[in-house]
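Student: After the structure tokens below, expect a handful of questions from me.
The values are calculated or read from the model by the stated rules, or taken from the named source; none is laboratory data. What you see is a predicted model, and the numbers here were worked out from it, not measured in a lab. Neighbour counts run over all protein chains shown; Cβ positions are idealised from the backbone, glycine included.
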Amino acid sequence: MKQETESPSVEVSSERIAQLEAENATLRQERDDLKRAETQLRTLVDNTHDVVFQLSPKGVIEYVSPKVRDFYGYDPEKLTGKLFESTTPLSELPKAIKALNRVLSGETIINLEIGQFNHTGSIVFVEINGAPIIKDDKVIAVQGVMRDITERKRAEEAVRNSAQKLIKGMEDTMQAMAMIVEMRDPYTAGHQRRVTQLACAIAEKMGFSSDQITGLRLAGLIHDIGKVRVPAEILTNPNVLTEAEMTIIKMHPSLGYDLLKTLDLPWPVADIINQHHERLNGSGYPSGLVGNVILREAKILAVADVVEAIASHRPYRPALGIDKALEEISKHKDILYDQEVVDSCIKIFREGFRFQ
């Protein structure tokens, strides 16, 4: 007679059942916490002042937060799937592509200012911070935030325009003051303007900022303003000056400083003028300053002043020409004149600089 076999019964202890129930409860809690965190994060992203975005490595918009409606007037769904170039003006594309390539190479970009089209075709300005999303040593996406800075850019432009008008007004004033000097010393008419032209060209070659060059230009235009207090018969004397007359002439930097020192300017114009006859080895005037005590702008103005003076006509001698002027500063560079200034001056003449 065939004997039936019974299935083995599996008994699970109450302790094991309790453990499994506890593990399931923990998993459910973790899942609920994750969903809650995702909901909170999405709420934060959707309501933040900035636009949050994600691009594929090809530059396709994979996600953009609802705030984009305020920036561009676009629905996020209509931007998703498009290339980022679709909202980027042609003039801004090189900057945008360069930034994307930097992030794809693993960099983080900070405070990139760039123009973008809104839905009407007008350009708005945004500031972008972006970073790569890396998986298995490979960039799989670019994430970032974008902030509208259009109003800030407009305010900055208004400030720039106001500053430019102010600087133009100061330059016009300096030109008027320069004319006073030239009316008393017609033999050197145009000297201050030509010196200024050369000094600014040297400063640009040396890498000075536009703001520094502005200060140098203002100083150059009136660097001889102190001569208004020098007797006209000394200024126009065609003969060799006496020692006493030379002493009076050498006062003009200090006299110019006294005239301008109380002006509230964002550049050391009065100091530059006071130092434009100082020399590296201390043989200059009025204070016998040495080396790096002399302002860089004054060192430039000194070289430009000497070159223009030698190259131009004077009451006591004919013009000696540019070659003679460059020979003079080259012979005394690093003794009387700053080496970098001299080298830059010679370079710009070799590159075609000419007095206007």
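Student: Could you list, in sequence order, the residues of region 159-209 that are among the polar types (S, T, N, Q) and closer than 30 Å to GLU340 by Cβ?
Tutor: Result: GLN164, GLN175, THR188, GLN192, THR196, GLN197, SER209.
Student: A further question on this structure: Given the residues ASP46, ASP70, which is the only one that is loosely packed, with under 14 Cβ neighbours inside 10 Å, modelled with pLDDT under 65, under 30 Å from GLY115 (Cβ atoms) and within 37 Å of the chain's Cα centre (by Cα)?
Tutor: Unique residue meeting the criteria: ASP46.
Student: Which number in (1) more than 27 Å from the chain's Cα centre (by Cα); (2) assigned to a helix (DSSP H, G or I) marks the one condition that GLY284 misses?
Tutor: (2)
Student: Might you check whether a residue that is touching a helix residue (DSSP H, G or I) at 6+ places or on another chain (Cβ under 9 Å) and of a type in the set (S, T, N, Q) occurs anywhere in region 90-106?
Tutor: no
Student: Look through LEU90, LEU79 and report the one residue that is more than 16 Å from ILE61 (Cα to Cα) and either assigned by TED's automatic domain parsing to the domain that holds PRO66 or free of Cβ contacts under 8 Å to residues at least 40 places away in the same chain (or both).
Tutor: Residue meeting the stated conditions: LEU90.
Student: Further question: Hey, ASP136 hits all of (1) surrounded by 14 or more Cβ atoms within 10 Å (Cβ to Cβ); (2) assigned by TED's automatic domain parsing to the domain that holds GLY106; (3) at pLDDT below 90 but one; which does it fall short on?
Tutor: (1)
Student: Let me ask something additional. Residues being of a type outside the set (S, T, N, Q), assigned to a loop (DSSP other than H, G, I, E, B) and farther than 15 Å from VAL51 by Cβ: count how many of those fall in region 111-151.
Tutor: Total satisfying the criteria: 3.
Student: Looking only at region 206-248, which residues are of a type in the set (D, E, K, R) and buried (at least 19 other Cβ atoms within 10 Å of the Cβ)?
Tutor: Hits for region 206-248 are ARG217, ASP224, LYS227.
Student: Over 23 Å from the mean Cα position of the chain (by Cα), within 25 Å of VAL307 (Cβ to Cβ) and modelled with pLDDT under 80: is that true of ARG184 in this structure?
Tutor: Yes.
Student: Let me ask something else about it. Out of curiosity, is GLU113 modelled with pLDDT of 85 or more, touching a Phe, Trp or Tyr at 6+ places or on another chain (Cβ under 9 Å), outside the structural domain of MET251 (by TED's automatic domain parsing) and within 30 Å of LYS95 (Cβ to Cβ)?
Tutor: yes
Student: Is it the case that some residue within region 298-307 is among the basic types (Lys, Arg) and closer than 20 Å to PHE355 by Cα?
Tutor: Taking every residue of region 298-307 in turn, at least one turns out to be among the basic types (Lys, Arg) and closer than 20 Å to PHE355 by Cα.
Student: Scan ASP305, ASP343 and give me the residue that is buried (at least 21 other Cβ atoms within 10 Å of the Cβ) and either without any contact (Cβ under 8 Å) to a residue 40 or more places away in the chain or in the same structural domain as ILE180 (by TED's automatic domain parsing) (or both).
Tutor: Being buried (at least 21 other Cβ atoms within 10 Å of the Cβ) and either without any contact (Cβ under 8 Å) to a residue 40 or more places away in the chain or in the same structural domain as ILE180 (by TED's automatic domain parsing) (or both) holds for just one of ASP305, ASP343, which is ASP305.
Student: Scan region 153-192 residue by residue and report those that are among the charged types (D, E, K, R), touching a residue at least 24 places away in the same chain (Cβ under 8 Å) and closer than 30 Å to ILE114 by Cα.
Tutor: Hit for region 153-192 is LYS153, nothing else.
Student: Select from region 91-110 the residues that are basic (Lys, Arg) and either outside any helix (DSSP H, G or I) or farther than 12 Å from ALA131 by Cβ (or both) and list them in ascending order.
Tutor: LYS95, LYS98
Student: Would you check if there is a residue in region 115-137 being at positive phi and either among the polar types (S, T, N, Q) or touching a residue at least 12 places away in the same chain (Cβ under 8 Å) (or both)?
Tutor: no
Student: Among the residues of region 250-264, is there at least one that is of a type in the set (Gly, Ala, Ser) and at positive phi?
Tutor: no
Student: Among all residue pairs at least 6 apart or on different chains, which show Cβ distances below 8 Å where the first residue, located in region 275-294, is under 14 Å from GLN339 (Cα atoms) and the second is aromatic (Phe, Trp, Tyr)?
Tutor: ARG279/TYR337; LEU280/TYR337
Student: Between VAL195, VAL230, which is under 27 Å from ARG354 (Cα atoms) and in contact (Cβ under 8 Å) with a residue 12 or more places away in the chain?
Tutor: VAL195
Student: What pairs can you find where one residue is in region 237-248 and in contact (Cβ under 8 Å) with a residue 24 or more places away in the chain and closer than 14 Å to ARG314 by Cβ, the other is in a loop (DSSP other than H, G, I, E, B) and not small (Gly, Ala, Ser), and their Cβ atoms are less than 7 Å apart, with a gap of 6+ or different chains?
Tutor: Close Cβ pairs satisfying both conditions: ASN237/PRO315; PRO238/PRO315; PRO238/TYR316; ASN239/TYR316; VAL240/TYR316.
Student: Let me ask something additional. Could you please find all residues in region 124-133 being crowded, with 16+ Cβ neighbours inside 10 Å and either β-branched (Val, Ile, Thr) or not assigned by TED's automatic domain parsing to the domain that holds TYR72 (or both)?
Tutor: Scanning region 124-133 gives VAL124, VAL126, ILE128.
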